[in-house]
1. Quote the relative contact order of chain B in percent (integer), defining contacts as alpha-carbon pairs under 8 Å separated by 6+ residues.
2. Using 0.36 nm times the number of residues separating B:A497 and B:K17, minus their current alpha carbon distance, what extension gain do you get?
3. With a point put 7 Å past each Cα toward its Cβ, work out how far B:H431 is from A:E123 in nm, to one decimal.
4. Please report Rg (one decimal) and Dmax (integer) in Å for the Cα set of chain B.
5. A 21 angstrom limit on the alpha carbon distance is what I want to check against. Which of B:K24/B:K304; A:K60/A:K335; B:K57/B:K304; A:K291/A:K335 exceed it?
6. What residues have an amide H closer than 5 Å to that of B:R180, excluding those fewer than 5 places away on the same chain, when H is modeled at 1.01 Å from N in the peptide plane?
7. What does the accessible area of A:F227 come to, in Å² to the nearest 10, when a probe of 1.4 Å is used?
8. Hey, can you grab everything whose amide H is under 5 Å from the amide H of B:S325? Only 5+ residues off in sequence or another chain; H modelled, so Pro and N-termini drop out.
Amino acid sequence: MSGGGVSGYAAIHAKVRAMYSNLLSVSEMIALADSPDFPALIAALKRTGYGSYLNQVKDKDLTVQHALFQIKRRLADAFNSVIQMTPGAVRPLLVQLFRYYEIGNLKAVLRGIVTGAEWDRIEAVLYPLGERTVFTPQGMLESGNVAAAVELLRGTSYYETLSFAMRRYNAEQSLFPIEVALDLAYWRGLWQESVQLAGQDREQALRVVGSLVDMNNLIWAIRYRVFHHVSEEELINYTLPFGYHIRDEDIRAIAAGAEIAPIVRRLYPSISDVDVMLEDPRSGLPLLELKLKRHVMERCMAAFVGNPFHVGVALAYLVLHDLEIQDLVVLMEAKTSQLADEQFRPYMIREIPV
Amino acid sequence: MFFPKAMTEIELIVPAKDLLPVTKVLSGHGIFHQSDSSYSYPGAESEKGASESWQNKAAAFAGLERRLQLTMQSLGIEEGDTPASDFETITDPSLVLPEIERIELEVKNMNDQVVTTQKNLEGLHAYLSQLESIQDVPADFSALRDSKYVYSVLGMIPAANVDRLATSLSRIPHVFLTLRSEPQKKVVWLAGAQANADVLERAVRSSYLNPLSLPVGYKGTPAEIIKSIKADIRQAEENIVQWRKALSSMAVKYGEDLRALYWQIHTSRIMSDAIVRYGRLKYTYVIVGWVLSDELEVLVQRLKQASHEILIETFPTGRSGHHRSVPVALRHSKWLRPFQMLVTTYARPRYGELDPTWIIAIMFPVLFGAMFGDVGQGLILAGLGALMASGKVKALKGMAGLGGLIAVCGLSATVFGFLYGSIFGFEDILHPVWMSPLHNIMQILTVAVGAGVVLLNLAFLIGIMNNAISRDWGHLIFSHNGVAGYLLYLSLLALLAANFLPAFPIPASVVTILAVGSALAVMLSEVLIHLVERHRPLLEGGLGTYFIQAPVELFEAVISMLSNTLSFVRVGAFAVAHGGLSSAIFILAGLAGGEGGIGYWIVVLIGNIFIIGFEGLIVGIQTMRLSYYEFFSKFFSGGGMRFEPLTLNPGDKE
């Protein structure tokens, strides 16, 4: 246990357990899904762990966007709290995991620059990272162009990646190469931090992080081939050669044009209807992604069983919290658009009977 | 003392003419937490202009403040402390703008030259580092680039992409060489048949291999180009030194002016930001916020001095009920701050909730001391803590906040050291005032569990009190941390006691009835709480799910009561382990040399350092666990809003 074993994890484990028990229970999730409309959903959410965050905003100001912002603050607080208490050796892994949201913010700002969006609009979609961020989104947006914004990142870990991608941005005037470069650098960084650990920490981190890598890598590979029609060499360069379950050979087979369904079926025998989903990728791929997320959720829940003195418990809790928020996003959008149960419940990661 | 500072809601109606003096009073003392009343009193359409004007001013001040900070940063000027001189009014942005622009322009011109030249310099260095890897090649790479049969790329690639690029080209013949390696990037040369140029090009592009481009104006072999670039670098560096000297002179010339302007703009920005959030009536402004009740009288007097026509309404806020919107100020003395930090790391108490800082200030050191009882090691820990808290050692400055906590824990360990008769691990020098844990194992473990029972009783009672204050009657009576849960806990304890003590005064039947009754109340708590709160539906998720869930939750509640209690056995176990670890060190010391020899004392010294560092840390974590998990989780829900007063001086904030 590179991070500190029983002594290093006693406090963090206690805290994470307490925080884990504050995630939404099945009955709470059912109550939320049963809410007749958005105000009722907010009222129900206020009775949960999200209450103290939602109560900070007046009811009349609680739009979907505002409510989501408040809800995400809870995850940001959870990250800060867990990172603070985690043993030093494994802390970089959690910090890197948290960077996922910073990269999301970075992409949002760059898109804002390209579309000429006002700061107010961009601010509303940014993740509330507090002080744990290495760049000032407003300054970047106000710099007016992508090149100047990237210059403001000098000295951060993003600069090197972006300076390579900028050449292609300048030539193609598309954010695609920048976003791909950021994603690849992020997942490589996360994998690297996991691989560097030892013993139980390494094993558990690879299990949770590896499941996330698998999901992203597989979905990327399918998307690049089916929707973007990229060549074999491009697909290989836009994906990752590692994962928990998926091997490089699988990705290379997809890149080389092999049939995708048998590969997915072999990798995930528990996922049903793979052929049906891949027959119509426009509607099927989101469903496959959803099932992969459920698979990640199961892996995370498994981290709470057995010896708890490793980083897997903290990692799993943070991923589960993120998945819960993804479900809340679905719920809020469904309730605002007054969708019928059968139109949104199948798209929730946590399975709620219709 | 036991609750967050008392707050009073204050509502002010201020004539427009007194707007600035009143704002100055509110923002100048760090005691007023503003609420946004601009939504409730947006003002009539005719007054919109005035509101917008303040919004524009606030935006203008924010912009000017940022510009000034940038200019000061370029000149290396610190903002300094709040100036002692008083300010009278909010300054007019248009009056200070010409002065700011004049200095800014002068600084910017010079700074831009430095920045541009530095950027060029970086470019030249980049070219140089690329070329150095091929300086021995006596060829012109443009010839390879224009080859008819060979597709060739010389360029830079992120180090992480090299293997992937090689993989992506595995199906076509190619040559791929790394010419130079740096941690983040590599200079590589890739060549293949022109017939495969499309595949190679796609691979190069998708792997972010950026072809190396030579700077315009440089010709010849790599060695010749390197020579010319080096000459240009020397010239650019000399220029930068000259411009930097000029910037230093400007810093001396404009330093005081810029600092004065900065504070003028900063205070104006804070005040105009506050005014933007005021409500607006026809001739008056409405200001709503919270003030520390202790400071209310002083604030009211100052406000009346600032405006004779001001209308002040105050609403003292009691603790009972729910007070989500009341800000929470925790202002403990310097000695309690480390414990306050310990509490707020877990959560910030709500306004009506007990602030457990005092309790934790007693409980934490006592539990720590009980687990780490040793006179000598405790005194060293106390000294180390005092040194950290003093901030006199530069290397420990970052941990100054923890210093007080460590010092108090060290003193407590010293007291327990006397009680256990242990000094630097020696158990035979001092006579134990109470008992030696190593020789009274069962006794110390029993006392530890007993202390846990007392603390958990306290936690239950505080939880019940918190629920009573917030008038959560349902939770107060039926929840597993309320009266029902407490009765269940007491009856479980009584059942245990009745088994072990034949003379237990309460009949077993009474205790059993009490246990069953309270267990039923806990099991049905969801329905009962909904009934009391008139919440519908009574059951969420259906009857079937509920009847599976309820017994499981009761089982979990009972198990957690028992495990929480037994968890305190670790206090005694660590006290024993401390003695055991010391014995092990003396055995090792004995093996290293006869008693009294140099080897013996070296091992004893290293052993003590190890115990202070390693065991001290573990005991600290265990104490935190007992405080957070076993104690706080019974009564402390937190979620209070932080008290953030308007202030012109950042040092006023909590």
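The values are calculated or read from the model by the stated rules, or taken from the named source; none is laboratory data. Keep in mind that what you see is a predicted model, and the values were worked out from it rather than measured. No Cβ is skipped: glycine too gets one built from the backbone with ideal geometry, and neighbour counts run over all protein chains shown. Protein only, heavy atoms only, side chains kept; ligands, DNA and RNA dropped before computing areas. Shrake-Rupley method; radii C 1.70, N 1.55, O 1.52, S 1.80 Å.
1. The normalised contact order for chain B reaches 21 percent.
2. My answer for the length gained is 165.4 nm.
3. Placing both labels 7 Å beyond Cα along the Cβ direction yields 7.2 nm.
4. 36.1, 106
5. Long pairs (Cα-Cα over 21 Å): B:K57/B:K304; A:K291/A:K335.
6. B:V187
7. Per-residue accessible area (A:F227): approximately 60 Å².
8. Correct list: empty.
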